[in-house]
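The values are calculated or read from the model by the stated rules, or taken from the named source; none is laboratory data. This is a predicted model, so every value here is computed, not measured. Glycine also receives a Cβ, built like all others from the backbone with ideal geometry; neighbour counts cover every protein chain displayed. The protein model used for the area step is the full one, side chains on, heavy atoms only, and it has no ligands, DNA or RNA in it. Shrake-Rupley method; radii C 1.70, N 1.55, O 1.52, S 1.80 Å.
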Amino acid sequence: MTTPAITLKGLDHVVLRVRDIEAMMAFYCRVLGCTLAKHNEPLGLYHLDAGSSMIDLVTLDGKLGQAGGAGPGDALAAGGRNVDHIAFKVSPFDGEAIRAHLSTHGITTGEAVTRFGAEGDGPSIYLTDPEGNGVELKGI
């Protein structure tokens, strides 16, 4: 086997196009604990620290958002999705505590079950963000 020209080390960032920046910032920062690293106002771009990765939120009315065409709500109305899901590594993983925390924010989740991910099998919980994107909290 030859050595690949590209060696991936993990996710750097995920970019989500959003309709309601306040609801999405509240979810990713207050609920999941991300922090705002930078706001590029002319582009309508919010960079959120998420552990060793980032989540970028792009408003539909900003320069980048306008360049992307129809927003995620339009895709949802037609039965489509903006993203299937984003999986975050969570350690330590306490399913009951995670579900209780999310419940205090009015977020309904599935049960914690074992799923396969980048670091093998482990517990995970599925939920959705305010714009219908799937989120997985995955124990490592």
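See the values below:
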| item | result |
| --- | --- |
| Residues D12 and T108, FRET efficiency given R0 of 25 Å [Cβ-Cβ distance, rounded to 0.05] | 0.25 |
| Lysine pairs meeting the criterion (Cα under 24 Å, 8 or more apart or interchain), as found in the chain | 6 |
| Long-range amide H partners of V18 with built H, under 5 Å | V58, T59, L60 |
| Amide H contacts of T128 (H built 1.01 Å from N, under 5 Å, at least 5 apart or other chain) | V135 |
| Rounded to the nearest 10 Å², the accessible area of K38 at probe 1.4 Å | 120 |
| Probe 1.4 Å, accessible area per residue of the chain, Å² | 61 |
| Net charge of neighbours whose Cβ lies under 14 Å from the Cβ of V15, counting Lys and Arg as +1 and Asp and Glu as -1 | -1 |
| Three-way shape label, the stretch 1-65, alpha-carbon gyration tensor, a/c 1.5 | prolate |
| Among beta bridges that DSSP assigns inside the chain, antiparallel share in %, nearest 5 | 65 |
| Relative contact order (%) - the chain, alpha-carbon pairs under 8 angstrom, separation at least six | 21 |
| Anisotropy class of the stretch 82-140 from Cα gyration tensor, a/c 1.5 cut | oblate |
| Among V90, I107, G51 the positive-end extreme of the charge dipole of the chain (Cβ point charges) | G51 |
| About the Cα centre, charge dipole magnitude for the chain (Lys/Arg +1, Asp/Glu -1 at Cβ), debye | 180 |
| From the coordinates shown, mean projected area of the Cα convex hull in nm² corresponds to which of (i) 11.2; (ii) 10.5; (iii) 7.9 | (ii) |
| Positive minus negative residues near R115 (Lys, Arg vs Asp, Glu; Cβ under 13 Å) | -2 |
| Portion, in percent, of the accessible area of the chain that falls on carbon or sulfur, probe 1.4 Å | 54 |
